[in-house]
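Here is the structure we will look at.
Rule-based calculations on the coordinates, nothing more; no lab input. Predicted, not measured: the structure shown is a model, and the values here were computed from it. Neighbour counts run over all protein chains shown; Cβ positions are idealised from the backbone, glycine included.
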Amino acid sequence: MERQWYYVVGGKEKAGPVSESELKQRIQTGQVQPADLVWAEGMSNWQAASQIPSLTGGGPSMAAPAAAQSPMQRPYGAAANVGGDVVPEGLLGWSKFVGIMTILMGVLNCLTCIGIPVGIMMIVAGNALMGSRRTLEQYGGTAQAMEPYLQHIKKFLLMHGIIYILGLVGFVIYLIVMFFVIGGGLMSMGDFMGN
């Protein structure tokens, strides 16, 4: 089986996977320029197509074997700046957490009659956030110029995540207090009824 390659055209548009023979043809026809970045499994970093002898008619590929991850699937929360693409560290993780919590809160709202409209909107918003997270992860990031925007989005998601965590902690404390208040009240009522 031929080696599969990914490539970036003009530093913007990621494509692939394509077979090595197909990538060679695209280089020969000018669809992929010698300066365009290419990557295949086993390479530690993206390299210009001109630096890979097996693609430009030279000898075997100089790609150093390494346990590199696909540029299309980075681990959650991993900082990335590969081929000009940026994903701020923690953005994907907070997106997932806030998306899931928003969906769960929407479901809880739908359990009340009056909260159904808000609950439906929260479920749609949570699904939209999860979809944007999947898209960002699939394409490996966005242009370097978008990093300030993504940092602000990360801060927004971080604050929402902290609000959800504080809300959960407050709810657990409320349940514990109510258990002791109601439990203590029932016990004193039992003592009263017993006398």
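Observations on the model:
- In the stretch 1-54, GluC sites (Glu not before Pro) in a DSSP loop with at most 12 other beta-carbon atoms within 10 Å: Glu2
- Three-way shape call for the stretch 4-51 based on the alpha-carbon gyration tensor, with the a/c threshold at 1.5: rounded
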